[in-house]
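**Student:** Provided herewith is a single structure, encoded as structure tokens, for subsequent inquiry.
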2 protein chains.
Amino acid sequence: MKMSDGVEWAIHCVMLLGALPPSATLSGKALAEFHGIPESYLLKHLKMLVTNGILESVPGPRGGYRLARQTKDITLLDIVQAVDGKRPAFRCTEIRRRGPCALGDGAYPRCCGVNRAMMRAEQAYRDALAEATMKDITDEFMANADPRIVPLGENWLEENTRTPKS
Amino acid sequence: MKMSDGVEWAIHCVMLLGALPPSATLSGKALAEFHGIPESYLLKHLKMLVTNGILESVPGPRGGYRLARQTKDITLLDIVQAVDGKRPAFRCTEIRRRGPCALGDGAYPRCCGVNRAMMRAEQAYRDALAEATMKDITDEFMANADPRIVPLGENWLEENTRTPKS
DNA sequence: ATTATCGTGGATATAATTTATCCACGATAT
DNA sequence: ATATCGTGGATAAATTATATCCACGATAAT
């Protein structure tokens with residue numbers, strides 16, 4: 001069971017976009033370069049973040065991506081579900097209805113108990129992800145980062161930040 | 001993110017083996033037939049359950065598989081980790097160390113905060129799985145199953161159960 | 001107006017992983 | 001001796017993840 005690498009990319013992109021002034025943007029190209037990841041594939045994931053209301057996109061020159069809401073209102077769960085989808089990892093195939101001892105569909109009014117137990121565990125996972133806001137993660141990152149990184153990042157942002165009219 | 005179908009197969013196999021008398025076995029073929037799943041692939045997963053000390057295997061005629069310990073001492077976590085492995089779903093690729101603003105390895109003494117948050121969520125998931133014993137799941141299944149299934153299952157078990165010498 | 005920049009969406013290729021099958025082998029009970 | 005059963009390795013097929021490319025519409029600068 002492996003989560004898409006795009007989730008990690010998306011989280012770090014949201015972190016970086018959270019450092020921008022209001023309404024400013026970063027282009028997909030800039031986001032890819034900053035993180036050293038393939039641009040053409042990252043765009044797919046950024047699009048999913050736009051579709052799910054986590055990012056806004058601005059077309060045209062000086063356009064790019066920016067946060068659609070504050071980092072305190074974006075959780076890891078939001079990003080994971082936007083990029084990796086909302087389908088459960090465990091997919092019940094109704095094994096109990098197969099084989100020589102199975103009965104007709106009417107004999108299984110309740111959801112399979114195995115499935116219910118797995119769903120409970122996945123809910124605990126989602127609850128924990130929903131507890132982690134991007135603001136908390138970003139703050140923790142800034143508090144513990146090597147001091148040399150701050151001016152580097154500020155300098156880079158200054159060169160790459162776009163400010164569209166709208 | 002999808003979990004291997006083998007996990008569901010393995011759980012139901014453990015459930016069925018839990019209904020056997022002590023030291024009795026079911027062959028891989030019988031387990032596959034009962035659940036209507038491919039035998040040759042199921043054997044791979046059964047082997048993992050043996051390797052991880054959840055099942056015991058008995059070779060030779062009248063051989064097969066049986067539980068290595070009681071269902072109350074087997075949790076969903078045991079089976080999930082045996083079949084699907086113990087590697088985390090989220091694998092940090094250290095994105096922070098890439099790109100134009102990255103520093104040398106010495107600048108990152110602590111584990112990435114994103115990774116730590118994801119690990120916390122996965123730990124909550126594992127905790128929930130460890131709470132679910134196969135005894136609980138089996139008991140719940142028997143209590144809620146259609147009454148017609150019980151004699152069917154008992155009959156099938158009687159025909160397919162093997163009792164090896166050791 | 002014209003042009004260059006940028007995100008969107010679809011089509012498509014490549015790589016990795018999952019799923020599935022097969023066969024030779026050793027162990028064991030009849 | 002022989003038939004049954006699990007083990008382990010090799011291999012193939014199917015599915016999913018990863019990655020690239022291009023035509024298109026929108027926008028800002030000139």
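**Student:** Has the stretch B:66-81 got any residue that is outside any loop (DSSP other than H, G, I, E, B), exposed (fewer than 15 other Cβ atoms within 10 Å of the Cβ) and more than 9 Å from DNA strand D (Cβ to nearest atom)? Spell out how you get there, then give the answer.
**Tutor:** Initially, the stretch B:66-81 is screened for residues outside any loop (DSSP other than H, G, I, E, B), giving B:66-67, B:71-73, B:75-81.
Add one more test, that the residue is exposed (fewer than 15 other Cβ atoms within 10 Å of the Cβ), and what stays is B:72-73.
Those still in the list that are more than 9 Å from DNA strand D (Cβ to nearest atom) too: B:72-73.
So far as the stretch B:66-81 goes, yes, one or more of its residues are outside any loop (DSSP other than H, G, I, E, B), exposed (fewer than 15 other Cβ atoms within 10 Å of the Cβ) and more than 9 Å from DNA strand D (Cβ to nearest atom).
**Student:** Please go through the stretch B:141-157 and give me each residue that is free of Cβ contacts under 8 Å to residues at least 40 places away in the same chain and crowded, with 16+ Cβ neighbours inside 10 Å, ordered by number. I'd like the intermediate steps shown before the answer.
**Tutor:** Let us first name the residues in the stretch B:141-157 that are free of Cβ contacts under 8 Å to residues at least 40 places away in the same chain, namely B:142-152, B:154-155.
Within the stretch B:141-157, B:A145, B:I149 meet the criteria.
**Student:** Continuing with the same structure: Six or more apart or on different chains, Cβ under 8 Å: which pairs go from a residue in the stretch A:35-48 that's more than 7 Å from DNA strand C (Cβ to nearest atom) to one that's of a type in the set (F, W, Y) and modelled with pLDDT of 95 or more? Could you list them?
**Tutor:** As it stands, the answer is A:H35/A:W9; A:I37/A:W9; A:L42/A:W9; A:H45/A:W9, since those pairs meet every condition given.
**Student:** Go through the stretch A:119-135 and give me each residue that's open to solvent by 50 Å² or more (accessible area, probe 1.4 Å) and without any contact (Cβ under 8 Å) to a residue 60 or more places away in the chain.
**Tutor:** Those that are open to solvent by 50 Å² or more (accessible area, probe 1.4 Å) and without any contact (Cβ under 8 Å) to a residue 60 or more places away in the chain: A:M119, A:R120, A:Q123, A:R126, A:D127, A:E131.
**Student:** Here's a follow-up. Scanning the stretch B:29-46 for residues that are open to solvent by less than 30 Å² (accessible area, probe 1.4 Å) and not hydrophobic (A, V, I, L, M, F, W, C), which turns out nearest to DNA strand D (Cβ to nearest atom)? Give the steps one after another, and end with the answer.
**Tutor:** Filtering the stretch B:29-46 for residues open to solvent by less than 30 Å² (accessible area, probe 1.4 Å) gives B:30-32, B:35, B:37, B:42, B:45-46.
Applying the additional criterion that residues be not hydrophobic (A, V, I, L, M, F, W, C) yields B:35, B:45.
Values: B:H35: 14, B:H45: 10 Å.
My answer is B:H45.
**Student:** Restricting attention to the stretch B:90-97, does a residue exist that is within 13 Å of another protein chain (Cβ to nearest Cβ), open to solvent by less than 20 Å² (accessible area, probe 1.4 Å), among the aliphatic types (A, V, I, L, M) and within 14 Å of DNA strand D (Cβ to nearest atom)?
**Tutor:** Filtering the stretch B:90-97 for residues within 13 Å of another protein chain (Cβ to nearest Cβ) gives B:90-97.
Then drop every residue that is not open to solvent by less than 20 Å² (accessible area, probe 1.4 Å), which leaves B:90, B:95.
The next check asks that each one be among the aliphatic types (A, V, I, L, M); those that pass are B:95.
Next, from what is left, pick out any that are within 14 Å of DNA strand D (Cβ to nearest atom): B:95.
Checking the stretch B:90-97: at least one residue is within 13 Å of another protein chain (Cβ to nearest Cβ), open to solvent by less than 20 Å² (accessible area, probe 1.4 Å), among the aliphatic types (A, V, I, L, M) and within 14 Å of DNA strand D (Cβ to nearest atom).
**Student:** Here are some conditions: (1) closer than 20 Å to A:L129 by Cα; (2) facing another protein chain (nearest Cβ under 9 Å); (3) open to solvent by 40 Å² or more (accessible area, probe 1.4 Å); (4) within 16 Å of DNA strand C (Cβ to nearest atom). B:R116 meets all but one. Which one does it not meet?
**Tutor:** B:R116 satisfies all of (1) closer than 20 Å to A:L129 by Cα; (2) facing another protein chain (nearest Cβ under 9 Å); (3) open to solvent by 40 Å² or more (accessible area, probe 1.4 Å); (4) within 16 Å of DNA strand C (Cβ to nearest atom) except (4).
**Student:** Quick one: how many residues across the stretch B:64-80 are away from DNA strand C (no atom under 14 Å from the Cβ) and touching a strand residue (DSSP E or B) at 6+ places or on another chain (Cβ under 6 Å)?
**Tutor:** The total comes to 3.
**Student:** Residue by residue through the stretch B:49-63, note down the ones that are under 18 Å from the mean Cα position of the chain (by Cα) and within 11 Å of DNA strand C (Cβ to nearest atom).
**Tutor:** Once the filter is applied, which keeps residues that are under 18 Å from the mean Cα position of the chain (by Cα) and within 11 Å of DNA strand C (Cβ to nearest atom), the stretch B:49-63 yields only B:S57.
A quick yes/no check of all residues on (1) under 26 Å from B:A143 (Cβ atoms); (2) modelled with pLDDT under 95; (3) away from every other protein chain (no Cβ under 12 Å); (4) within 13 Å of DNA strand D (Cβ to nearest atom):
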{"residue": "B:S4", "(1), (2), (3), (4)": "no, no, no, yes"}
{"residue": "B:V7", "(1), (2), (3), (4)": "yes, no, no, no"}
{"residue": "B:I11", "(1), (2), (3), (4)": "yes, no, no, no"}
{"residue": "B:A19", "(1), (2), (3), (4)": "yes, no, no, no"}
{"residue": "B:L26", "(1), (2), (3), (4)": "yes, no, yes, yes"}
{"residue": "B:M48", "(1), (2), (3), (4)": "no, no, yes, yes"}
{"residue": "B:N52", "(1), (2), (3), (4)": "no, no, yes, yes"}
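The values are calculated or read from the model by the stated rules, or taken from the named source; none is laboratory data. Since the structure is predicted, the reported quantities are computational estimates derived from the model, not experimental observations. Note: ideal-geometry Cβ built from the backbone for every residue, glycine included; neighbour counts use all protein chains shown. Note: accessible area is taken over every heavy atom of the protein model, side chains too, but ligands, DNA and RNA are not part of it. Shrake-Rupley method; radii C 1.70, N 1.55, O 1.52, S 1.80 Å.
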